[in-house]
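What follows is a single structure, written as structure tokens, with notes after it.
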Amino acid sequence: MKIPARFQRGLAQFSILILLAVVAWQILHHSPAISADVYPYLNSLSPALVKQCTQENRSSPTILWEDLLAIRSTLPEKDAQRLLEQLRVQIPFANLNWANLPAATIRTVQRHRQILEQYTYYQPNKYTFPVIGPTWFEDSFGAEREGGKRRHEGTDLFSAEGTPIVSICGGRVEQLGWNRLGGERVGVRGDDGNYYYYAHLHSISTLLVKGQRIETGEPVGSMGHTGDALTTPDHLHFGIELANGQWINPYPFLEVWQSWSEQRSS
Ligand SMILES: [Zn+2]
């Protein structure tokens with residue numbers, strides 16, 4: 001049986017329409033893809049190494065911090081030195097002589113550099129530590145809460161009630177006020193696209209307005225134990241939610257940011 005050409009054309013047009021609809025739906029419901037290697041790498045960096053690279057960058061500003069950190073975090077000392085000497089005499093990263101390093105190793109260093117450039121948590125002094133004054137915190141990301149019903153999606157930073165809390169980055173105030181778990185809480189949509197969550201506040205800064213800008217280091221509020229922290233010691237619950245909806249562990253970043261704020265105040 002021969003299918004009439006008119007019908008075939010119609011079928012083709014219909015298929016294209018369906019295809020376009022699918023593409024349009026995907027574009028509309030697209031959550032930014034974050035490569036699987038990004039956070040394992042960022043979370044693997046030791047705060048001591050990041051701190052060391054920040055200091056090196058300060059004493060030899062010709063070497064970019066991301067070059068330093070990518071090289072130092074990936075290669076053994078001898079290989080790292082050879083490359084850093086080239087950077088010191090202003091040979092661009094793209095023109096480095098990698099000598100006899102395996103191609104896969106070179107690719108890893110390049111990829112790490114790309115991650116550091118794109119996710120700038122470790123860019124010296126771009127972010128700031130949220131608690132002003134002495135504080136205690138440990139890595140409790142993923143710990144069970146409510147008898148295993150949910151996981152801890154942030155870091156708790158402990159200090160006295162009323163201790164000032166500031167914004168770790170510039171952005172826009174997206175959430176403000178009370179919710180059941182967070183109590184008095186502030187949510188900031190950072191300029192980097194991530195959502196930064198400050199919870200259990202004793203009080204929220206009266207300067208904040210929903211939808212308005214907040215800059216790095218500007219007051220968010222003061223430490224307390226509101227919401228589901230009612231019976232716990234005063235602490236700030238700090239969370240980072242990526243633009244794709246995934247909560248990541250803020251602990252390593254907090255360690256580095258704290259060391260920067262200590263350097264500045266010493
Ligand atoms: Zn918490």
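The values are calculated or read from the model by the stated rules, or taken from the named source; none is laboratory data. All values reported here derive from a predicted model rather than from experimental measurement. When we count neighbours, we look across all protein chains shown, and the Cβ atoms used for this are built from the backbone with ideal geometry, even at glycine.
General remarks:
- Pair list, Cβ < 9 Å and 6+ apart or interchain, from the stretch 7-30 residues that are free of Cβ contacts under 8 Å to residues at least 60 places away in the same chain to residues that are in a helix (DSSP H, G or I) and basic (Lys, Arg): none
- Checklist (1) hydrophobic (A, V, I, L, M, F, W, C); (2) out of contact with any His (no Cβ under 9 Å at 6 or more places or on another chain); (3) assigned to a strand (DSSP E or B) applied to Leu157, failing item: (2)
- Some residue of the stretch 195-217 being among the polar types (S, T, N, Q), free of Cβ contacts under 8 Å to residues at least 40 places away in the same chain, assigned by TED's automatic domain parsing to the domain that holds Ile168 and outside any strand (DSSP E or B): yes
- Residue match in the stretch 189-196 (condition: of a type in the set (Phe, Trp, Tyr) and modelled with pLDDT of 95 or more): yes
- In the stretch 160-171, of all residues being buried (at least 17 other Cβ atoms within 10 Å of the Cβ) and assigned to a strand (DSSP E or B), the one that is nearest to the ligand (Cβ to nearest atom) corresponds to Ile165.
- Test for Ala104: is it surrounded by fewer than 14 Cβ atoms within 10 Å (Cβ to Cβ) and in the same structural domain as Ser60 (by TED's automatic domain parsing): yes
- Tally of residues being within 16 Å of the ligand (Cβ to nearest atom) and either hydroxyl-bearing (Ser, Thr, Tyr) or not in a strand (DSSP E or B) (or both) across the stretch 218-245: 10
- Answer residue from the stretch 174-200, given it is surrounded by fewer than 21 Cβ atoms within 10 Å (Cβ to Cβ) and of a type in the set (A, V, I, L, M) and is farthest from the ligand (Cβ to nearest atom) among those: Leu176
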